[in-house]
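Taking it in order: structure first as structure tokens, then the write-up.
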Amino acid sequence: MMHKILIIGCCGAGKTTLARELGARLGLEPVHLDRLWWRPGWRERGREEFDAELAELLRRPEWILDGNFQRTLPERLKFADTVILLEYSRSRCLWNTFKRYFRYRGTSRPDVGEGCPERLNLPFLRYIWNYNRVTLPRVQAALEAAPAGCRIIRLASPAATAAFLKRFS
């Protein structure tokens, strides 16, 4: 059984959607790291405050955390019993990012919080375009250091994710 679940992957891969759907099936309320980090007006929260709240969350007996925040991944891995890594293609992540932008344009997504209207800019799109080449290898290296009891589940497509979710119906 999974009790402490990390969901990570490129922006637009569907981390938040998976967290919601899996949380509903397991009876767990997902925690969105973007919601903890961003303050109204897209102002970043201080690291110390973020880290303290994250530490408190990690001590809970059960959770689903969705979000990248590579800086905190080693700490989160110490507590996780399961990591779900969405390894989607960059074209899929870009497509989903554009769909999300048009869905929430001018409003704040529930996983980010009030005062952070959906936005799209070139640096963000570059990050997504380069994620599998630049960031994913660092994430995979961090996962190599996961504790022995931590299960790593890699999902490479929406079909693989749907099949994974069916196991909890």
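The values are calculated or read from the model by the stated rules, or taken from the named source; none is laboratory data. This structure is a prediction, so every number in the text was calculated from the model and none was measured. Ideal geometry is used to build each Cβ from the backbone, glycine not excepted, and the neighbour counts take in all protein chains shown. Ligands, DNA and RNA are stripped out before the accessible areas are found, and what is left, the full protein with its side chains, is counted by its heavy atoms. Shrake-Rupley method; radii C 1.70, N 1.55, O 1.52, S 1.80 Å.
With both partners inside the chain, how many of the DSSP beta bridges are antiparallel, as a percent to the nearest 5? Show your work: numbers first, answer last.
Numbers: 3 of 21 bridges.
If we restrict to bridges inside the chain, about 15 percent are antiparallel.
Any chance you could run the full-extension gain for Asp81 through Tyr101? It's 0.36 nm times the residue separation minus the Cα-Cα distance, nm to one decimal. Don't jump to the answer; show the numbers that get you there.
Values: separation 20, 0.36 × 20 = 7.20 nm, distance 3.25 nm.
Here the answer is 4.0 nm.
Say each of Met1 and Ser157 gets a label point 7 Å from the Cα, pointing the same way as Cα to Cβ; how far apart are those two points in nm?
Label at Met1, label at Ser157, 3.3 nm between them.
Is the shape of the chain best called rounded, prolate or oblate, per the rule: a/c under 1.5 gives rounded, else a/b larger than b/c gives prolate, else oblate, with a ≥ b ≥ c the square roots of the Cα gyration tensor eigenvalues?
On the way: a/c = 1.36, a/b = 1.17, b/c = 1.17.
Note, shape of the chain comes out rounded.
Counting each DSSP H run of 4 or more residues in the chain as -39500 (n - 2.57), what helix-only mean residue ellipticity at 222 nm follows after dividing by all residues, to the nearest 500 deg cm²/dmol? Mind showing how you got there, number by number?
Details: 8 runs with 78 residues, N = 169.
Mean residue ellipticity, 222 nm, calculated: -13500 deg cm²/dmol.
Length gain on complete extension for the stretch Phe168 to Arg138, per 0.36 nm per residue less the alpha carbon to alpha carbon distance?
Working: separation 30, 0.36 × 30 = 10.80 nm, distance 3.01 nm.
In short, 7.8 nm is gained.
Ignoring ligands, DNA and RNA, what accessible area per residue does region 82-144 give at 1.4 Å, in Å²? List each step's numbers first, then the result.
Details: 3590 Å² over 63 residues.
Per-residue accessible area for region 82-144 comes out at 57 Å².
Enter the accessible area per residue of region 1-79 (Å², integer; probe 1.4 Å; all protein chains in place).
Working: 3830 Å² over 79 residues.
It amounts to 49 Å² per residue over region 1-79.
Which of rounded, prolate or oblate describes region 121-169 when judged by the alpha-carbon gyration tensor and an a/c cut-off of 1.5?
Details: a/c = 3.38, a/b = 1.30, b/c = 2.60.
Oblate is the answer for region 121-169, as a/c is 1.5 or above yet b/c matches or exceeds a/b.
Counting only other residues whose beta carbon sits under 12 Å from that of Asp81, what net charge do I get with K and R as +1, D and E as -1?
Values: positive: Lys4, Arg76, Lys78, Arg151; negative: Glu62.
After counting each charged neighbour, the total is +3.
In nm, to one decimal, how far is the Arg126 label point from the Leu26 one, both placed 7 Å along Cα→Cβ?
3.6
Around Leu6, under 12 Å between beta carbons, what's the net of Lys plus Arg minus Asp minus Glu among the other residues?
Numbers: positive: Lys4, Lys15, Arg76, Lys78, Arg151; negative: Asp66, Glu75, Asp81.
With Lys, Arg at +1 and Asp, Glu at -1, the net is +2.
Give me the percent of the accessible area of the chain that comes from carbon and sulfur atoms, probe 1.4 Å, all protein chains in place.
On the way: 4840 of 9010 Å².
Reported share for carbon and sulfur atoms: 54 percent.
So how exposed is Ile5, as accessible area in Å² (1.4 Å probe, rounded to 10)?
0
Hey, what did the chain get for relative contact order, percent, Cα under 8 Å, at least 6 apart?
Numbers: 248 pairs, mean separation 57.3, N = 169.
In percent, rounded to a whole number, it is 34.
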